[in-house]
Every structure is written in C-alpha cells, then in structure tokens.
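In what follows, a single structure is set out as structure tokens and then discussed.
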Amino acid sequence: MRRETGGRIDRSRTLRFSFDGEELTGHPGDTLASALLGCGVRIVGRSVDLGRPRGIFTAGAEEPNALLRVGDEPMVAATTVELRDGIEAWSLQGRGRLDPAAPPGEARHDKAHLHCDVLVAGAGPAGLAAALAAGEAGARVVLLDDQPEPGGDLLGGRLLLDGAPAPEWVSSVAVRLAALPEVRVLPRTTAVGYHDHNYVVAVEERDANRGRESGGRRLWHLRARRVVLATGAHERPVAFPGNDRPGVMLASAARTYANRYGVLPGRRAVVFTCTDSGHEAARDLAAAGVEIVEIVDPRRDGAVITGTLADAEGILTGVAIGDRTVGCDLLAVSGGWNPAVHLFSQSQGRLRFDDALQAFVPDRSAQAERSAGACRGVYGTAAAIADGFAAGSWAAGSRAAGQAFHVPECDEPEPRPPAALWAVPGAEAFVDLQRDVTVADVERATGAGMRSVEHVKRYTTAGTGADQGKTSGATAVGVVAGLLGAAPGQVGTTTFRPPYTPVAFGVLAGRERGALSDPVRVTAMHGLHLARGAVFENVGQWKRPRYFPLGGESMEEAVERERRAARTGVGAMDASTLGKIEVRGRDAGEFLDRVYTNMFSTLPVGSCRYGVMCGADGMVLDDGVTTRLARDRYLATTTTGNAAAVFDRLEEWRQTEWPHLDVSLTSVTDHWAVVAVVGPRARPVARALVPGVDFDDFPFMTYRESGPARIFRISFSGELAYEINVPRWYGAALWEAALELGAVPYGTETMHVLRAEKGFAIVGQETDGTVTPQDLGMSWIVSTRKPDFIGKRSHARPDTARPDRRRLVGLVPDDPAETLTEGAQLVAAPGGGRMIGHVTSAYPGVALAMAAGVAIGDRLVAFDGRRIPVTVVSPVFHDPENARRDGDPQDPSPRSGAPAGRPGTGSDALREIPEPGDAADPVPEWARGDRAASPLAEFTGRFAAASSPAVTIRELPFLPMREIMGGEAGEGLRLGPDWWLAVGEPPAGGGPGDRPAGADTGTAGTDVSAQRAVVELSGPGVRDVLMTGCPIDLHPEVFTTGSHTQTLLARAPVVLHRTGPDAYRVLVRACLAGYLAEWLLDALEGL
Amino acid sequence: MQSIECPWCGPRDEIEFRYGGQAGIAYPRDPGALSDEEWAGYVFMRDNPRGWFHERWFHVHGCRTWFSIRRHTVTHETGPVPDTGREPESDRTGRGPLARGTGEAR
Ligand SMILES: [Zn+2]
C-alpha cells in the first residue's frame, strides 16, 4: 500500500490505469509495478508451466514474474514500464501470445547513429562519476541510463554523501554534466547490445523523453572510442522451498519500493539475507513503517528459511525456519549480488569467479572498455564513485586519473562478505521463477550425467525466459556446482547474448516499414507506367512493368497482344534498368578483352558487339552489348539484376590485378533512360523520334548520336529494333512520344517470351552458376585467339570440358496449348527415372531447358507433378535465319508514312506518321527543355510543405555534373583516390540546357548530370534528420563545412556534401531519389 | 557491426563494404601452364584460419577502393597488413598495399 509521504513520486497528480480490467490509480514517478503494489495487488500472473501464482519480485529489468501485456505490447516487465495515464495491463495466462491479426502498433519508432569518445552505460554513482571525469576532460560523452532520472541505486536508498542525502550529490553532478556541451545524457535508454569494435545498441523511450505519450522509441547505434560500463549489480535470490510465493521479494526491491516509490510491499516482514545489504533493507523498511518480525542471516547462526506458508490464493502468510514458523506478509530475500556483467560478456570479455564476493566479475576486457563500480564488484558507494572517476579519466585519455575529483564521504559501513548460500534443500525450491525450474529439475539434469552448465540450461530451460536468467543464472551455477562438488568458477556461466532486455521487432524495424521497408528503384517512366495500369515485377530493387493489361485482360491475353505488336507491328519497352558502364582509357579494349570471352579491342568505333563474361571458374556471370563510342571509350551494358555485381567486379580486376592498364569505369546506368522500339515497323517510329539520324544507312549492331540521344541498333527479340538512350530527364517525354506514334508498350513478360522464342538465354534464368557459354550453345562467342580471358583456363578443366554436360535445348509439349512449369524435371521417356535436366523457361507452347545427352527429336517427359510429354527441338523457335532483324522481309522497304497503331492500344486502326521534312525543327518535341523532368519534380510541393525553420528541403534540379577519373584531376568533389565529381551551377532558364550526347567526347570526364538527383537540406535541424539514417560521424567538427563523402543514408548510397554550417547536399542515384525523398519527408515528420 | 578502416575514407561501418575474401591470391601469370590441380587451387581453395587473416574489402558504398586488412577471425581485431617493404608501382594514391596479387602484368 501507498505511504503517506516519501518517495520520488508526485502525489499531487493521479494517473489512472487498469489491470485485468480493474480500474486502479498511481502517480507520476511510479512504475506499473510500484503502482500495482501501491494498490495492494499481490498476484500479477501465473507461472508458465505450473500455473502457480506469482507476485512482483524485483524493481528492475531483471523481473522474472511480472510480465504483462501492456497496450499493444504482448509481454513486458511491469517493473520497467513507467506509469502513464490510461495504460491497460493484463496478466498473461501461461505463455504470452502474439496475435498475427493485430493491427500494427501505432507508436512511431526510429533509429539514430551517434559517435562519441566515451560511452558510459549506467548513471548510478560510478557512471555519473565516469561521465563527469570524461566530460570535464573534454571528451565527447554519451551517458545513458534506463531510468527517467540519474542516480541508479542511490534513488532507492537513504544514504548520505558528505552529510547530505545522496540525490543532492546526483543533482550536483547532473548540473555539471548539463553545462558540458559535448556530453549527451540519454535517460530512459537501455543499452541492449555490445557488439564488435565498441558498437553499442541502445533503446530509448524517446517519446517519453520528449513528454509525449505515444510510446515511440529510438534504437541508438553508438560507436565509442572507449566504453565505461557502470551497469550496477542485481541482487540474487536463494532457492529455498516455496520461494515463489507472492510476497517473496528481493530485499533491495522491497527497499526501493519503500524509499523511491513510497510504497510498502508488506506490513510484517521477515528478512532472509546472506548480505549486509539485507540489513540495510530491513532498517529502511522499518523506518518506512514495516514491522520487521525477524532477520534470518545464515552468517550469524546458520539459520535459513526452510519453507513458506500461504493462504488459499497462494499468497505468503508466513515462513518456516527449521521447525519454527513466523507469520509475515513480506519475505525480503538477499542471496548476494551479481555484478551486471551482461554487456561486458557480450563484448567478449572474460569473467572470473570471485570467492570473497561469491560472484562472477569481469576479468579480462576484449575491447577498449572498462567496468566501474558495482558491475565489477566494487559495491561501496564512495568506492564506486572513485572507481567511476578513474574509469572516466582513463576513457577520456586524461592524465588526471580521477584524482582531481572529490569523492564524497559516505555513511555506509564497509560491507562484509556474503554467505555462500545458493539453495536450501526441499521441494518446490525454484531456481528460475520464469521457467518454473526447481533445484530438483537441476538435480535431474546432473543426475542424467550433464556436467556443462550450458547442457543443464538446455535440459531444464533455466535462464531461457524473457528475463534471460538475470535472477536465476548465478543461482543455477551455484546449485550445479553444489551438486557436482565443484566451485562455481569451475562450472562457469552460460553465454550472455544480446539483447540485454527484450526489444520489440517494431523498434528494430524503426521507420523501415511499409513503403520504406526496402529501397525501390524506378525509371524516369515509372509514373507513366503507373498511370497506364502496368502490373509490375521486382527485379532486385527495380520495379519493372511486367505487362500492360487493357480492359480487364489476363496476363496471357495482354502478353499475346504485346507480343503480336512486337512481331508484326511496333512495340516499345522501357529498358532503362539495364546496367551501363562507361569504360574509358587507352587500354579500354584490352581490359574488355580480358573480362569478356570474346574480342572488343577489334570492334570498330560506332559498332556494337554482344559479349559474355565468366567467372574464374568458367561459368557465365553476365552478358550484354558493348558499344565502342570512340577509340578509347566503350559503353558496356549489363543485365538489370547484375549491374552492381558486374560493376564491382570490373573495378576489382582493374584495381587489384591490372592497375597498370590505363582504364577507368563510370556507372551511367541512371544517366540514360532507354526506350527500345521493336518490331518490323520500328523504323518510322524511330525516325520520327530521332529526326537527325539517317535510318536508311544504319546497319544492325551499330550506333548513332543525334541531339541528346544515342541510338543503338541492337535486338533482344529477333525483330528490327532501336534502343534510344536519352538523359533521364527526357525519358518520360520520349516514352510518351513513342506511344503517341503507335508503339505498343510491352513489359518484361513479353520481352521474355520474345527472347525465348529466339533462343536467347537469360543470365540467372537459363544459367545458375554452373553453366558455361559452351553449355548455352555459344562456343562461337568464346575466343580461341585470345591468349587469356577470365575463365578460359577453366573451360579446359575435365569437368567443364566433358561432352555429356547439360546443354540448352528447346522443348515443345505435345499439346501446343500447354505451358510447362519452370523448374520441372526432365526424364527420358517413357517412364525414365533418372533426371537428365530441367525446364528453365516456359511460355505457352514454348520452353527452354538445360538437359544432358539429348538430341533434336528426342521424346522426354517433363515432370512437375504432372507428366507432360515433350519433344526436344532447337532452342531457336523464331526466325532461325535472322531474316527479320532488318524488318519484315515481306515489307522490305518501310515507306515514309508507314502505318502504325493508335497510341498504345495495338489496334489495327493505323495512322500516318509524317516524314520529318528538311525544314523541320531538328529538335524533337520530347527534347524541348520544358519537357525535361528532374527526378524529384513531383516532390516540389511536398518538400515546400514539409519545410520548417528547423529544416528546409528542396531539389536542386539539372545541375551539370561530370565524373572525372584520375588522381590528378583536381576538379570538384573527390569521391575516391582517382575519382572526382565536378558539380556545376544550374543552367539558366531552369531546364537542363542544351547538351548533345557526344558533347563530352574528348573532354575530361563523362557527363553524368542525369545520374544523380541533388537534394538540399538546410537549417539547424538537418543533423538530427541525417543522424537517423547515416552511419558516419556527423559531428560538426568532424564532418566540417565543405566536407563531402560517400556513405549510406537510409538504405541508399549517397554523396553527402556539407556546403555550409547548416546546409547539406545529398546526391543520390536518380532511380533511388523517390525512395530517399519519401524517407526524408518521413524523417521530417518525426523531428 | 564491425568498423573497417578504409585507407581512403577512414573507419566506416561494415555495411558500407563488400567482403573480398582472402588477400594475396594473385591471378596466375600463365593459367595455361598450370595443371588442373594447380588451377583448381587458385579458383577454389582458400585458407580458413582461426586467428589472424589477411583479407580484402571493397568500399562499395564509399570510395570504391579495394584494400587489404589483417583481421583476427576470433576477436575481430583489425589492423593494416604489415608493410612488405615494397611499394607497389601502381600505388599512386597512398592507399596502402594492393588488395590482391602482385600488380604485375600477367
Ligand atoms: Zn573508402
């Protein structure tokens, strides 16, 4: 019940809450646990296995019993929940339950990154002293503590420091810390993980710290030069018969409830203590008005509690001491103290058992870390403060070594060693209250031959509860040691794993939920695809249109219509996602010769060539078309999914094997938007789109430039096709123009059908890392003239060269309407048992497969649950003579004004395409400046609306940018040792300005103006936004004005440039700009 | 989250990097002259020590530099690869020993 006075609670205000439906009240300053005790609630739940009634046992994170459902959180310790008005709490029946149908929590959690010189975990006497010593030595300090106010154990006691109540000393230190600008104090913040290289993860009750009730938390990612652990100690119980009754409580908890929360956990108390702190608890309880019936201290006379008495509900009514019984409603137990070594152990530090303290204490550190105070067994308050000063000085690298600081005099007596008592014989003596594990259970484990405490843990489940054995772990070790006749130090502890306290998944996810859960890459045409009702598929992070259904079409219907357009009329595909790498330098051709299986050094300028690259193991890695733009300049393309992997791999060989080659690599994937115009009637459409090109003299596998466009005459369908590349800002206008001219938009599904009909393999579909070019029937692309290329030697390995490898074949089902299943197994017909291959691509009536030892005409069975008879055919189903790649052979000279379909419908209603006249404006409509759209154009309004005095956000569109390679370039932002990004001023007129595609030929560097979007953030709050997603140290004296670097923001790689004291530019790849803009707007909302 | 010291950018979180496996495995000068077994050794076989390991990292989300460090596979202590006393000729930028191989023409 609640005391009239005393405690650090505000009795002038009443908070209402409910427990199991009953309306109760408490006060600000209460925890849910103290409020429940204040209202006389004794039973807070039933144990998991045995269903025994249990009461509040501790006053902190180590609580094994009072696990409740609180609001939308399924299981939290009531001792760690700050009381708020309106909390609804429920006891758990058996195990906690997750309701998969429950709506997502409404609390808004986020993350933040912070670097510091010294991280101090725990703001008790040692932690406060350490933070002060480090802070006053000038270090950047983060001090975190799980409680709303600093002081730790001092808040729960009645000690005097220098003759004044200890909280006064706490306040004086807090005032000095607040005066240090480089000290950041994070209350209500629990360090939950201590990982490699002094990386500490902590959870802050952030909304509570900003006076909000919405329950939002922040996951801090802290990187510290040095760490001081001042995590205190947990009192431990003794395993005696009936020690789980409601009314049995740790002595320090009873004392804390009385002193700090003004709550009496009982009226008549027996104290069972192996320590001096139990006597202090008895004194404080008596002073608060609790009748102390008896103090049982085995150190005095060997007396122990041998049992408990209970009423009908199971609540404590008395204790047995040998053959005596004593009536009481509170049994305060102190079995000794366990230094809270969890974080120390997580850091891989080694523990030792201290015989005097009867506890495991830190022995050897594994990282730049020191423990201070009770967490290393220094229990006296004054000694802990002195230890903290010394640790803080060490952590700050200060010579003062803590001597400059005054250690207050404390009125507590020198503590004497505890009794080495872990258990009292008898039934129902619980070692782990949460998992209902008794001494008898542990005996069964050792009786079954287990000697390792890890085995005992797994056998009994002791220590595996949500509390991770904070109160039970050491007791279990002591009991095992007693049973084995060993010392606890020989038995050792189980592994301490993060998190120290349970962390909700929602907190780990933070803001990476829903649309922000994974970065999404989109092309310049994405908005138009959406508007057209495209069905998308994910290719890596890309969203690609799979097909464009019209009027309720099924996928099959849409694909057949799209396919017909590409085969008989004209189609258009958004091919912007293909990886594009500019390869420059005197040795560019030699470099490509080494990485591709075929020759590129002999490719004439202006020509294109298809290439395959292999790993050193000889297996196909990627393929694509490479074009020679100039003597020393190539444009290589990669598959969409492998773009990053190929770019990284080329960089690897360039830097690490062939640094003497004069070659550099620049990704231009996002600079160019690509519209493939495909089909026998592609020429008039392409001619209308790019008027400056002579289409009558434009052979297959060559390339042209006109205005801002590059046009490649290459084909992935077997039909006449032009891939038109334009700077990304023209992409949408070009796409619209192509559709206006009658091209039927088609997606990746039709693309796959078209190429499968042509027998073109897709890397990752026909290949799986075990397939050579020869297996794909592409021996023709593997040069025998070159002395070497990556993978060449492997093609001569016995396994790679054996004749009975699986090879690419075509399959046709007997029933031409049948569609085989990709992945279906192939067996020799009839009734063959041995698998000889599998189906790699399957479309109606057409399939590709990799199969061994088969010949054209063989009959096989494709097994996908069904048994489908198939015939082996050539993988080239369509136009094996390549008669169609120059257009429809029946219609060999496409006239000007050739008919095309109505915009985008594929309808046969054709219209005339006007021939561009000589006097016509050479700049096509789509290339006019006012049609250019920057990547974040659609965000202009939302950026303006989200801007505030703290942070303004806007896009800086169309900044001219060039990437220049070479260590001496010396122009713009240096992104790497030989990598520069020159950023110019925006061109006059607000548009992109006039930049022909070939304009940078022969100049230093590559035009990448459309490759990245530029976002400008300015204002005093920008750092608070960036720190929620950027892992680098953004301290203004580290990331100084003018600094720039490449790093991550959210999950996007960015160039971060601090252009002014409060002004930053974020440069992000155009395809990721929308994702990052959404993320930034979301961050601004959470400021 | 390990902290990896990029020779160009300084210490960065591990997520900014791609791991590159064992360092010092040079591409053979003349693959055609190797026996199948020797070639398989280059392609497939790597050390897997318990203890110090020379390994390559690629600062993929930063400066795109390939580099080598020494890392203890048990404690995750890291440090620069010991100086071999020989500056690779290509090392114009002071970014430390080459990540792989000898840097010589094959
Ligand atoms: Zn770097």
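Quick one: A:ARG451 ticks every box in (1) in a loop (DSSP other than H, G, I, E, B); (2) of a type outside the set (Asp, Glu); (3) buried (at least 22 other Cβ atoms within 10 Å of the Cβ) except a single one, so which number is it?
Among (1) in a loop (DSSP other than H, G, I, E, B); (2) of a type outside the set (Asp, Glu); (3) buried (at least 22 other Cβ atoms within 10 Å of the Cβ), the lone unmet condition for A:ARG451 is (3).
Pick out the one residue from A:TRP658, A:TRP653 that is in a loop (DSSP other than H, G, I, E, B) and either within 25 Å of A:ALA565 (Cβ to Cβ) or within 14 Å of chain B (Cβ to nearest Cβ) (or both).
Answer to the check: A:TRP658.
Looking at the range A:641-650, which of its residues are more than 9 Å from chain B (Cβ to nearest Cβ), of a type outside the set (A, V, I, L, M, F, W, C) and within 23 Å of the chain's Cα centre (by Cα)?
The answer is A:GLY641, A:ASN642.
Conditions: (1) closer than 20 Å to B:ALA40 by Cβ; (2) free of Cβ contacts under 8 Å to residues at least 12 places away in the same chain; (3) charged (D, E, K, R). A:ARG834 meets all but one. Number of the miss?
(1)
Among the strands (runs of 3 or more DSSP E) contained in the range A:937-982, which hold 3 or more residues that are closer than 14 Å to A:VAL1014 by Cβ and more than 16 Å from the ligand (Cβ to nearest atom)?
Answer list for the range A:937-982: A:952-955.
Among A:LEU776, A:LEU826, A:LEU820, which is the only one that is surrounded by 19 or more Cβ atoms within 10 Å (Cβ to Cβ), more than 14 Å from chain B (Cβ to nearest Cβ) and in a strand (DSSP E or B)?
A:LEU826
Give the residues of the range A:539-562 that are in contact with a helix residue (DSSP H, G or I) (Cβ under 6 Å, 6 or more places away or on another chain) and crowded, with 22+ Cβ neighbours inside 10 Å, sorted by residue number.
A:ARG544, A:PRO545, A:ARG546, A:TYR547, A:VAL559, A:GLU562
Restricting to the range A:193-237, count the residues that are under 25 Å from A:ALA359 (Cβ atoms), more than 14 Å from chain B (Cβ to nearest Cβ) and in a strand (DSSP E or B).
6
State all residues of the range B:13-27 that are within 7 Å of chain A (Cβ to nearest Cβ) and of a type in the set (Asp, Glu); if no residue qualifies, say none.
Matches in the range B:13-27: B:ASP13, B:GLU16.
B:GLY62: open to solvent by less than 50 Å² (accessible area, probe 1.4 Å), within 16 Å of the ligand (Cβ to nearest atom), within 11 Å of another protein chain (Cβ to nearest Cβ) and modelled with pLDDT under 90, yes or no?
It is false that B:GLY62 is open to solvent by less than 50 Å² (accessible area, probe 1.4 Å), within 16 Å of the ligand (Cβ to nearest atom), within 11 Å of another protein chain (Cβ to nearest Cβ) and modelled with pLDDT under 90.
For the range A:977-1005, give me each residue that is at pLDDT 80 or above, crowded, with 20+ Cβ neighbours inside 10 Å and more than 14 Å from every other protein chain (Cβ to nearest Cβ).
If the condition is that a residue be at pLDDT 80 or above, crowded, with 20+ Cβ neighbours inside 10 Å and more than 14 Å from every other protein chain (Cβ to nearest Cβ), then A:VAL983, A:PRO992, A:GLY1005 are the ones that fit.
Quick check on my filter: what residues within the range B:13-25 are away from the ligand (no atom under 16 Å from the Cβ) and open to solvent by less than 40 Å² (accessible area, probe 1.4 Å)?
B:GLY21, B:GLN22, B:ALA23, B:ILE25, listed by residue number.
Identify all residues within the range A:74-131 that are aliphatic (A, V, I, L, M) and at positive phi; write none if there are none.
Matches in the range A:74-131: none.
Pairs please, first residue from the range A:757-771 and open to solvent by less than 20 Å² (accessible area, probe 1.4 Å), second anywhere and of a type in the set (Val, Ile, Thr), Cβ atoms under 7 Å, 6+ apart in sequence or on different chains.
A:LYS758/A:VAL876; A:GLY759/A:VAL876; A:ALA761/A:THR767; A:GLU766/A:THR840; A:THR767/A:VAL620; A:VAL771/A:VAL620
Please give the number of the condition B:LEU34 fails out of (1) more than 13 Å from the chain's Cα centre (by Cα); (2) more than 8 Å from every other protein chain (Cβ to nearest Cβ).
(2)
Can you report the number of residues in the range A:524-538 which are open to solvent by 10 Å² or more (accessible area, probe 1.4 Å) and assigned to a loop (DSSP other than H, G, I, E, B)?
4
Could you tell me which residue of the range B:43-58 is nearest to the ligand (Cβ to nearest atom), considering only residues that are over 8 Å from the mean Cα position of the chain (by Cα) and within 8 Å of another protein chain (Cβ to nearest Cβ)?
By that ranking, first place goes to B:PHE58.
Among residues belonging to the range A:477-490 that are among the hydrophobic types (A, V, I, L, M, F, W, C) and surrounded by fewer than 22 Cβ atoms within 10 Å (Cβ to Cβ), point out the one that is nearest to A:THR438 (Cα to Cα).
It comes out as A:LEU483.
Conditions: (1) within 14 Å of chain B (Cβ to nearest Cβ); (2) open to solvent by less than 30 Å² (accessible area, probe 1.4 Å). A:ALA366 meets all but one. Number of the miss?
Here A:ALA366 clears every test but (2).
May I ask you to verify whether B:TRP39 is without any contact (Cβ under 8 Å) to a residue 60 or more places away in the chain, away from the ligand (no atom under 16 Å from the Cβ) and open to solvent by 50 Å² or more (accessible area, probe 1.4 Å)?
No; evaluated as a whole, the condition is false for this residue.
Are there any pairs with C-beta distances below 8 angstrom linking a residue in the range A:1050-1061 that is farther than 18 Å from A:GLY510 by Cβ and at the interface with chain B (Cβ under 9 Å from one of its Cβ atoms) to a residue that is of a type in the set (Lys, Arg) and crowded, with 20+ Cβ neighbours inside 10 Å, with the two at least 6 apart or on different chains, and if so which?
Partner pairs satisfying both residue conditions: A:PRO1053/A:ARG1069.
Given the residues A:ALA588, A:ALA643, which is the only one that is among the small types (Gly, Ala, Ser), surrounded by 22 or more Cβ atoms within 10 Å (Cβ to Cβ) and over 29 Å from A:VAL539 (Cα atoms)?
From the options A:ALA588, A:ALA643, the qualifying one is A:ALA588.
Identify the residue in the range A:709-744 that is assigned to a strand (DSSP E or B) and within 36 Å of the chain's Cα centre (by Cα) and, among all such residues, is nearest to A:VAL678 (Cα to Cα).
Per the criteria, the residue is A:ASN725.
Please go through the range B:1-12 and give me each residue that is within 13 Å of the ligand (Cβ to nearest atom), within 8 Å of chain A (Cβ to nearest Cβ) and open to solvent by less than 70 Å² (accessible area, probe 1.4 Å), ordered by number.
B:SER3, B:CYS9, B:ARG12
Please go through the range B:65-102 and give me each residue that is at negative phi, modelled with pLDDT under 50 and surrounded by 13 or more Cβ atoms within 10 Å (Cβ to Cβ), ordered by number.
Answer for the range B:65-102, where residues must be at negative phi, modelled with pLDDT under 50 and surrounded by 13 or more Cβ atoms within 10 Å (Cβ to Cβ): B:PRO88, B:SER90, B:ASP91, B:ARG92, B:THR93, B:ARG95, B:PRO97, B:LEU98, B:ALA99, B:ARG100, B:THR102.
The values are calculated or read from the model by the stated rules, or taken from the named source; none is laboratory data. All figures in this text were calculated on a predicted structure; none of them were measured in a lab. Cβ coordinates were reconstructed from backbone atoms using ideal geometry, including for glycine residues, and neighbour counts include every protein chain displayed. For accessibility, only protein heavy atoms count, side chains too; no ligands or nucleic acids. Shrake-Rupley method; radii C 1.70, N 1.55, O 1.52, S 1.80 Å.
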